[in-house]
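Participant: Below you will find the structure I want to go over with you.
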Amino acid sequence: MNHACPAPGAQGAIAPDSVDWTATSLGARASWPHALRLGVDIMLNTPVPMLLSWGDAGAAVFNTAFAQLAGTDAPGGRSGQDLPAPLAAFPGLFERARHGEAVQAAGQQLSFACPGGERTLACDLYLTPLAGEDGKPGGVLCALGACTVAQAPAPEHRQGLRILVVEDNLDSQYLVCEMLKAFGHDAEGVADGESALAMLRAASYHVLFSDVSLPGMSGVELARQAVVMHPLMKVIFASGYGDTLLRHLDFPYVSLQKPYDMEHLQTALDAISRQVHG
């Protein structure tokens, strides 16, 4: 069957529970480690082409945007190779990521089979190691950024934002920061409000992106102090409890209900970027 090869960045979100994971070597979703669940959730609900390789069996899962580039079935998983073509052309980069190193490689030439011939894209690769249950690297999450084709119009330029991420779950913090970097932003992460205030005293940020529930100082109190220090800074909250704790705040904010997906976060950041950069 022929598959179309549309422009990079085609959007599509898939509910993780709609995929039969037991048909792959990943097994039932309920048995996955936290980093794998989070990585798959981010990947399937992100408009950027992404794929994930997990475990020694080489289970490969990819989202709609990547599948449309590669001309393959999606989303879901398969076994029997470390990564689907054409990314297997960079074994050295993936080996580094599989050993725990976050890797960025700009302008890598990737070839995709399309109806009527092969197409080559220059893509920036962002490889993020994912931890297994034992804390050792269990897999690699790969995002393809800034994919360009010679005859295609140049993508709209987005100016990045400086974002401080405050999240006490270190796996979540790390993955969110890596994905924000893949989207072209400058992201730094801390685990509590006191550390965030120290960062805010030392540098300026466009956005404070904080969980509402944090150890010690709450995200709400952190934001109150942060906007006094930096009145022009924008605030985004992530909350698993709705907006109950946010009703009486006297400064503007955006609230994302957990579990949020990266597309919702990027939409909020795009709106902020237009306000900040004009």
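Participant: V176: farther than 28 Å from P49 by Cα and either in contact with a strand residue (DSSP E or B) (Cβ under 9 Å, 6 or more places away or on another chain) or open to solvent by less than 30 Å² (accessible area, probe 1.4 Å) (or both), yes or no?
Facilitator: No; evaluated as a whole, the condition is false for this residue.
Participant: Cβ-Cβ below 7 Å, separation at least six or inter-chain, first residue in segment 242-267 and within 22 Å of H185 (Cα to Cα), second modelled with pLDDT under 75 and open to solvent by 70 Å² or more (accessible area, probe 1.4 Å): which pairs?
Facilitator: Final answer for the pair search is S255/D243.
Participant: Now a separate question. Can you name the residue in segment 179-196 that is in contact with a Leu (Cβ under 6 Å, 6 or more places away or on another chain) and outside any strand (DSSP E or B) and is also surrounded by the fewest Cβ atoms within 10 Å (Cβ to Cβ) among such residues?
Facilitator: D192
Participant: Shifting gears a bit: Can you pull out the residues in segment 170-191 that are in contact (Cβ under 8 Å) with a residue 40 or more places away in the chain, out of contact with any Gly (no Cβ under 6 Å at 6 or more places or on another chain) and farther than 19 Å from A223 by Cβ?
Facilitator: Once the filter is applied, which keeps residues that are in contact (Cβ under 8 Å) with a residue 40 or more places away in the chain, out of contact with any Gly (no Cβ under 6 Å at 6 or more places or on another chain) and farther than 19 Å from A223 by Cβ, segment 170-191 yields D171, Y174, L175, E178, M179, K181, F183.
Participant: Would you call H99 within 15 Å of G139 (Cβ to Cβ), touching an Asp or Glu at 6+ places or on another chain (Cβ under 7 Å), modelled with pLDDT of 80 or more and open to solvent by 10 Å² or more (accessible area, probe 1.4 Å)?
Facilitator: no
Participant: Residue by residue through segment 20-53, note down the ones that are over 22 Å from E95 (Cα atoms), among the hydroxyl-bearing types (S, T, Y) and assigned to a loop (DSSP other than H, G, I, E, B).
Facilitator: Matches in segment 20-53: T24, T46.
Participant: Let me ask something else. Go through P231, P215, P252, P259 for me and flag whichever is more than 30 Å from A106 (Cα to Cα), of a type outside the set (A, V, I, L, M, F, W, C) and under 16 Å from the mean Cα position of the chain (by Cα).
Facilitator: The match here is P259.
Participant: For segment 30-41, give me the residue count where each residue is buried (at least 24 other Cβ atoms within 10 Å of the Cβ) and aliphatic (A, V, I, L, M).
Facilitator: 3
Participant: Give me the residue from segment 164-173 that is within 18 Å of D41 (Cβ to Cβ) and out of contact with any helix residue (DSSP H, G or I) (no Cβ under 7 Å at 6 or more places or on another chain) and, out of that set, surrounded by the most Cβ atoms within 10 Å (Cβ to Cβ).
Facilitator: Restricting to residues being within 18 Å of D41 (Cβ to Cβ) and out of contact with any helix residue (DSSP H, G or I) (no Cβ under 7 Å at 6 or more places or on another chain), the top hit is Q173.
Results for (1) buried (at least 22 other Cβ atoms within 10 Å of the Cβ); (2) polar (S, T, N, Q); (3) at pLDDT below 80, shown as yes or no for each residue.
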position: L69; (1), (2), (3): yes, no, yes
position: P86; (1), (2), (3): no, no, yes
position: G139; (1), (2), (3): yes, no, no
position: T148; (1), (2), (3): no, yes, yes
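The values are calculated or read from the model by the stated rules, or taken from the named source; none is laboratory data. Since the model is a prediction, treat every value here as computed from it, not as a measurement. For neighbour counting, all protein chains shown are included, and Cβ atoms are generated from backbone atoms with ideal geometry for every residue, glycine included. We work out accessible area using only protein heavy atoms, side chains counted, and drop any ligands, DNA or RNA first. Shrake-Rupley method; radii C 1.70, N 1.55, O 1.52, S 1.80 Å.
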